[in-house]
Amino acid sequence: ARFHAHGRGAPGNREPPSHRRREHQIPRHFRSVIEHLVAPHRHAAAPGSALAGPPHPAAAFRDALPPGLARRVLGRAALSPRQATPASVFAAVLDVRAAHEASVAHDAVAELLVGIGEGWAVRGVPHALAALADGRLRRLLVGATAGAPGFRCAESGRLVLDPTGCRGPMPPAPVADVIDEAVEEALRQKLALTLVQAPGDSEAVQGLAGILRYR
């Protein structure tokens, strides 16, 4: 009996029921987590989420997510559940978010470079400020270390680097950093905003750049 699985007391005699029970427990656990994520009491949906855990269960859980939740997954992080602490989970989420933001910024710069060649994008602080003032931007790209003093025109409210770019009798008001002011204006216009931090991508932006919604 020791050498046959159907024999009493044979090694592995109880493995098939255990595997079947586990096969049912995992999807049931996934469903309970998903029900919590979409529960009515969760009024404010998170802009994104990170999956942290062993690679295979994390991939299986992502496959089980509804399309709406799957689209909000920013990425995955390898993390042992037994060794997880609030601090390690927080650090893992920050790493996933940073990698996601770098990927989004890189894609935005690639779109910018194509748009410049086709006339659907501008780069450089003066050109981006002009397009922002005219309401022609769909996305504003900001270099991580960009900064420049400038002026706000008294009558039109336009941001410029040189006061001669303003019209009207009233003198323009100096601003400490037109880049910060441009970001605030982009938020007021509800534009997509991308911070570009990678050195190569930031150099391509030339401080400030924009993808146009119309020419």
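Things worth noting here:
- D162 paired with A110, simple spin-label distance in nm, labels 7 Å along Cα-to-beta-carbon: 3.7
- 3J(HN,Hα) from dihedral phi, region 136-149, Karplus parametrisation 6.51/-1.76/1.60, rounded to Hz, x for glycine, proline: 9, 8, 9, 9, 10, 10, 10, x, 4, 9, 6, x, 7, x
- What the Cβ-Cβ distance of Q206 and Q83 gives, at R0 = 35 Å and to the nearest 0.05, is a FRET efficiency of 0.20.
- Full extension of the chain segment joining A176 with A102 gains 23.9 nm, where the gain is 0.36 nm per residue of separation less the Cα-Cα distance.
- DSSP beta bridge pairing in the chain, given as percent antiparallel to the nearest 5: 55
- Placing a label point 7 Å from the Cα of R215 along the Cα-to-Cβ line, the residues of region 116-145 whose backbone N sits under 15 Å from it are 116-122.
- Helix axis angle, 55-64 relative to the chain longest principal axis, alpha carbon, degrees: 80
- Carbon + sulfur, % of accessible area of the chain - ligands and nucleic acids excluded, 1.4 Å: 57
- Per residue, region 77-215 exposes 58 Å² of accessible surface when a 1.4 Å probe is rolled over the protein heavy atoms with every protein chain present.
- Measuring spread by the Cα atoms of region 60-182 yields a radius of gyration and Dmax of 21.1, 69 Å.
- In the chain, helical runs assigned H by DSSP with n ≥ 4 each contribute -39500 (n - 2.57); averaged across all residues and rounded to the nearest 500, the mean residue ellipticity at 222 nm is -14500 deg cm²/dmol.
- For region 57-187, the relative contact order is 16 percent, taking Cα pairs closer than 8 Å that sit 6 or more residues apart in sequence and dividing their mean separation by the residue count.
- Taken along the Cα-to-beta-carbon direction at a fixed 7 Å, the label points for S32 and R138 span 4.5 nm.
- Largest to smallest in accessible area, the residues R31, R138, R158, R215 fall in the order R215, R31, R138, R158 (1.4 Å probe, all protein chains included).
- Per-selection metrics, the chain (Cα): Rg and Dmax in Å: 26.5, 103
- Whole-Hz ³J(HN,Hα) from phi, Karplus 6.51 cos²θ - 1.76 cosθ + 1.60, for region 168-180, glycine and proline x: x, x, 7, x, x, 8, x, 10, 5, 8, 5, 5, 4
- The distance between label points at R188 and E155 comes to 1.9 nm (points 7 Å beyond Cα on the Cα→Cβ vector).
The values are calculated or read from the model by the stated rules, or taken from the named source; none is laboratory data. Everything numeric in this text was worked out from a predicted model, so none of it was measured. Backbone-built Cβ (ideal geometry, glycine too); neighbour counts: all protein chains shown. We work out accessible area using only protein heavy atoms, side chains counted, and drop any ligands, DNA or RNA first. Shrake-Rupley method; radii C 1.70, N 1.55, O 1.52, S 1.80 Å.
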